[in-house]
Amino acid sequence: MKYLHYWFIPVFLIAGFSNSGFSQKSQNLLPGVIKVSAWSPSVPVLKGLNANPVLRVAVSVPAGKREIQIRKLYCTLNAGALNNVQKIDVFLTGAEPFSTSNQVASVSPSSALFDIPVSLNINAGVQFIWFSIVLKHNASIDSKIELRCIKLVNDEGKQLLIKQEKYGFVKRTGVVVRKAGDDGVNTYRIPGIVQTDRGTLIAVYDIRYNDSRDLPANIDVGMSRSTDNGKTWEPMKIIMDMGSPHENNGIGDPAVLFDPVTKKIWVAALWSKGNRSIAGSLPGLSPDTTGQFILVSSSDDGITWSAPDNITAQVKNPAWHLFFNGPGNGIAMQDGKLVFAAQYWDEVKKPYSTIVYSDDHGATWRGGINGPKSNTTESQVVETIPGTLMLNMRDNRGGFRSVATTADMGAGWTEHATSYNALVDPVCMASIIKARVKIKGSMRDVLFFSNVASRTGRINMTIKASLDNGETWLEANQLLVDERLCFGYSCLTKIDDNTIGLLYEGSRDLYFVMIPVSEIIKQDK
């Protein structure tokens, strides 16, 4: 489904017009007084979008009051944003979600303090004035933007200062890696991302040509490549296409890993020949009966890619209905093994998360490994200490992530103390990586986790950090990136010692932001 973005009304300031601006005497609880406030949602400003609603001014006119005739909006923009902002559009709505149907102004600010001429007649009731930013095509994605509307001016020249919420006005910037409609594609979904030894970012995803639905469908796996830390992305390449007929012969749900020994990039995905994804896959090994585990690889930093390699017979228990990778990214262990998270649907079609791995750098692969917990599907894996893997799992019971560890490559599993109690989740894919980063001048190994941090809906895209190998996830060490309702999948990668990259789903689009480690980790104990 297509998700809508709902944001709620804050407490209003009780205020009134005066020739000299805001009067302390107007701060009273008398009925019939105009109420106004400014609020800013927790969202990034994304290069490539035609609308980034970042600021809302709510105006409430009591019943019986004559309409307010607003003629100017006085605004401020931080000086560092002037070179990045192409324009600011202004829209008027009722007490409803943001909409572009009623645009009332558009400006390209040239100074930090500017006014926007408008002709707004605000009648009794509540109406919202929305401010939306469009970034220049060459805007930086590692800068900040702070837009405020500080006062309104009516047709008589009287001013009304607007109450500002204490937090939330400073926005990070980012970029749309793939946007619905790019190359004629309906939807881009299921992000995976990894950094190579050359610093190149490799992003993989579903190309869902006709609509947003899952396999079986006309889906290929696409790849986008960035050599400047995600600031710009090369044109999309299709790296997995299982040929004609394309309808219901799709391949998707990709995961990507980089082997630091061979310098080879691997991408895994599920091929559904006909109805051979989760709903229609059957026991066996043939593409005509069961979903197929497919790999491609690149030995030249993602410039060219191999033909698809079908490893289903190597990794799938024939009695199972289905076996394929967990979407996102895989890892290279310290001893050189390559590992993807995986999932299987057993003889009675009950799902389990598990792993699939290679101990010879991708020449052969091993699967058929039992999973730690039933009714878990999409998972991600990290190596916490040498030889010990932690599997972080989507749990279809809802509410929380499930977690288990293995010290023998999946032969035996131990449920972790944080399993189904520490990481809230609304039944969705999530990402976890281990990265060595700088904290207060010292290098530390940190687990970073991203998901839509809610028990009830796919909202609040959040990054969390654990400084003790996932034993605890302190509330202080987390950052809300995007509060909007979305499709909810995400994938993390390290950019450098001070920065983490996040590729995540909007609604049919894929967004990329860079997050300073210092903004995620506020306390180191």
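What follows draws every value from the coordinates through simple rules; no lab data is involved. Keep in mind that this is a model prediction, so the values were computed, not measured. Here Cβ is always computed from backbone atoms with ideal geometry, including for glycine, and neighbour counts include all displayed protein chains.
Structure notes:
- Inter-site label distance for SER286 and THR364 at 7 Å from Cα along Cβ, in nm: 2.6
- Ordering ARG198, ARG276 by the number of other Cβ atoms within 10 Å of each residue's own Cβ, fewest first, gives ARG198, ARG276.
- Paramagnetic label reach from ASP445 (point 7 Å along Cα→Cβ; backbone nitrogen cut-off under 19 Å): within region 234-273, residues 258-261.
- CD proxy at 222 nm, helix term only [per DSSP H run n ≥ 4: -39500 (n - 2.57); per residue of the chain; nearest 500]: 0 deg cm²/dmol
- For peptides 317-324, 338-345, 201-208, sequence by mean Cβ density within 10 Å, most packed first: 201-208, 338-345, 317-324
- Exposed GluC sites (Glu not before Pro) absent - longest run of the chain, DSSP non-H/G/I/E/B, at most 15 other C-beta within 10 Å: 348-470
- Alpha carbon centroid spacing (whole Å) that separates region 177-208 from region 79-119: 30
- When each of the peptides 89-96, 226-233 is scored by the mean number of other C-beta atoms lying within 10 Å of its residues, the order from highest to lowest reads 226-233, 89-96.
- Computed magnitude of the charge dipole of the chain (debye, nearest 20; Cβ of K, R +1, Cβ of D, E -1): 1860
- The string of couplings for region 424-429 from the Karplus curve (6.51, -1.76, 1.60, θ = phi - 60°) is 5, 6, x, 6, 7, 6 Hz, one whole number per residue in order, with x for Gly and Pro.
- For the pair region 326-384 / region 220-251, the C-alpha centres are spaced 23 Å from each other.
- The relative contact order of region 13-174, computed from alpha carbon pairs under 8 Å that lie at least 6 residues apart in sequence, is 35 percent.
- Relative contact order (%) - region 129-248, alpha-carbon pairs under 8 angstrom, separation at least six: 16
- Panel order for MET393, MET443, MET242, by other beta carbons found within 10 Å of each beta carbon, from fewest to most: MET443, MET242, MET393.
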